[in-house]
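Note sheet for the following structure.
No value in this document is a laboratory result; all are computed from the given coordinates. Because the structure is a prediction, the values reported are computed rather than measured. No Cβ is skipped: glycine too gets one built from the backbone with ideal geometry, and neighbour counts run over all protein chains shown.
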Amino acid sequence: MSYVALILGMALITWMIRAAVFVLGDRLVFPPLVRTALGFVPVTVLTALIVPMAVSPHGGGAELTWRNPQLVGALAAVAVSALTRRPLLTIAVGLTVFFVWQGVVLK
Amino acid sequence: MTHPKHPARFQELTAGARDIIPMMVGAAPFGVIFGTLVTSGPLHLWHGQLMSLVVFAGSAQFIALGLIAGHASFAVVWATTLVVNLRHVLYSATLAPYVSHLPLRWRLALGGVLTDEVFAVAWAHYRHHPPGSVSPYYFLGAGLAMYFNWQVWTLAGLLFGAAFPGLQSLGLDFAMVATFIAIVVPQLVALRYFAAAVTAGALAFFWQAWPYKLGLLAAVLAGVAVGVLLSLSHPSRSQRRTAGVAQ
């Protein structure tokens with residue numbers, strides 16, 4: 001088996017998926033409904049990526065408890081972001097709460 | 001050392017790289033774990049580095065390792081890669097208006113580095129500006145930083161993976177959660193965005209066991225559908241303004 005061919009095939013597929021819409025460039029004009037839909041992609045995809053990480057950090061069942069540092073850190077970050085809208089402060093407070101919770105509170 | 005004629009370009013490049021640093025921290029353990037897994041499978045070490053160099057897609061790389069170890073056929077690995085990466089079509093469609101005026105080589109390069117994290121950071125930068133008014137160096141800087149980061153941590157895993165047991169339990173991936181929250185929460189200014197995000201988040205949780213990240217994709221599509229339906233029933237101020245201009 002040639003693993004190099006396998007890997008290069010994966011690369012070509014991944015790159016085509018990512019770049020295809022870009023390659024069309026100016027020739028591609030989305031109808032208004034599609035533009036409306038694409039406006040919801042960032043908030044939905046980013047939320048869909050992080051909710052499972054925060055709610056069930058070990059996969060499987062929900063860990064809706066104060067003993068879940070991912071969930072506590074995420075809630076702290078949400079609160080800071082909602083109150084201040086400052087990205088760096090949100091990340092700093094979220095990470096601090098997470099690591100303190102994981103390393104100190106739960107020890 | 002830098003571009004003396006284009007200090008602004010260099011600043012944008014480094015600004016993109018700077019803003020993706022939390023994501024680099026979050027991706028580091030996955031790079032190491034990927035490299036470590038390669039050492040326990042049928043691939044040579046350099047195959048693992050080659051995969052990170054040319055594929056540059058964490059989820060697809062992990063799943064491919066599992067399939068290769070299980071002696072899956074090439075067609076199965078390639079089909080899986082296609083399905084796992086389908087969400088990237090949504091990313092490039094969302095960012096397309098901001099890059100459509102660029103030369104082809106730029107669009108090919110930016111497409112090549114368009115991961116989840118790079119999408120999040122690039123979009124957070126572009127959304128404050130009308131399409132065409134922002135140079136692509138910020139996007140490129142974020143993408144290159146993430147790309148080199150992935151190579152370094154893959155190599156670390158390939159060479160020293162066995163020395164980092166328990167890396168997964170450190171929870172470094174929480175940096176990604178915190179950064180995405182910092183990007184998403186300020187966007188939830190209207191009910192339709194909030195409803196779309198809650199729908200996508202809840203369904204992504206309930207559907208996380210679906211294979212090949214299809215649950216994630218379905219959750220996003222459902223969230224987008226909720227957002228579109230709410231937009232149609234309550235046309236936003238911006239849409240009415242656009243309609244007014246059109247008339």
| remark: Exposure-ranked with fewest Cβ neighbours within 10 Å first, B:V25, B:V38 stand as B:V25, B:V38
| request: Provide A:L83, A:L89 in ascending order of the number of other Cβ atoms located within 10 Å of each residue's Cβ, fewest first. | output: A:L83, A:L89
| message | I want to verify a result. In a Gaussian network model of chain A, Cα cutoff 10 Å, which of these has the top mean-square fluctuation: A:V72, A:V23, A:V93? | response | A:V23
| query | Expressed as an acute angle from 0 to 90° and rounded to the nearest 10, what is the orientation of the C-alpha long axis of helix B:237-246 relative to the principal long axis of chain B? | reply | 60 degrees
| query | Can you give the mean number of other chain Cβ atoms that lie within 10 Å of the Cβ atoms in peptide B:215-221? | reply | 4
| query | Which of the listed residues, B:P42, B:L110, B:I63, is farthest toward the dipole's positive end in segment B:7-173, when Lys, Arg count +1 and Asp, Glu count -1 at the beta-carbon? | reply | B:L110
| request: Evaluate the relative contact order of chain B (contact order divided by residue number), counting alpha-carbon pairs under 8 angstrom at least 6 apart; express in whole percent. | output: 31 percent
| Fraction in percent of alpha-carbon pairs per bin - 10 Å, segment B:91-247 | 9, 26, 35, 22, 6, 2, 0
| request: Calculate how steeply helix B:137-160 sits against the longest principal axis of the alpha-carbon atoms of chain B, using the helix alpha-carbon long axis, and give the answer as 0 to 90 degrees to the nearest 10. | output: 20 degrees
| Within the P(r) computed for segment B:1-156, what percentage of the Cα pairs occupies the region above 29 Å? | 23 percent
| message | In whole Hz and in residue order, list the ³J(HN,Hα) couplings for segment A:39-54 that follow from phi through the Karplus curve 6.51 cos²θ - 1.76 cosθ + 1.60, θ = phi - 60°; x for Gly and Pro. | response | x, 9, 5, x, 5, 6, 6, 5, 5, 5, 6, 8, 4, x, 5, 7
| message | Less than 18 Å from a label point 7 Å out along the Cα-to-Cβ axis of A:L8: which backbone N atoms in segment B:52-71 qualify, by residue? | response | B:52-56
| Expected-Rg normalisation [2.2 N^0.38 Å, Cα atoms] applied to chain A | 1.55
| task | Take A:D26, project a point 7 Å from its Cα along the Cβ direction, then tell me which residues of segment B:86-106 have their backbone nitrogen under 19 Å from it. | result | B:95-106
| task | Measure nothing fancy, just the Cα-based angle from helix B:174-184's long axis to the longest principal axis of chain B, in degrees from 0 to 90, nearest 10. | result | 10 degrees
| message | Taking the beta-carbon count within 10 Å as an exposure proxy, list B:V32, B:V83 from fewest neighbours to most. | response | B:V83, B:V32
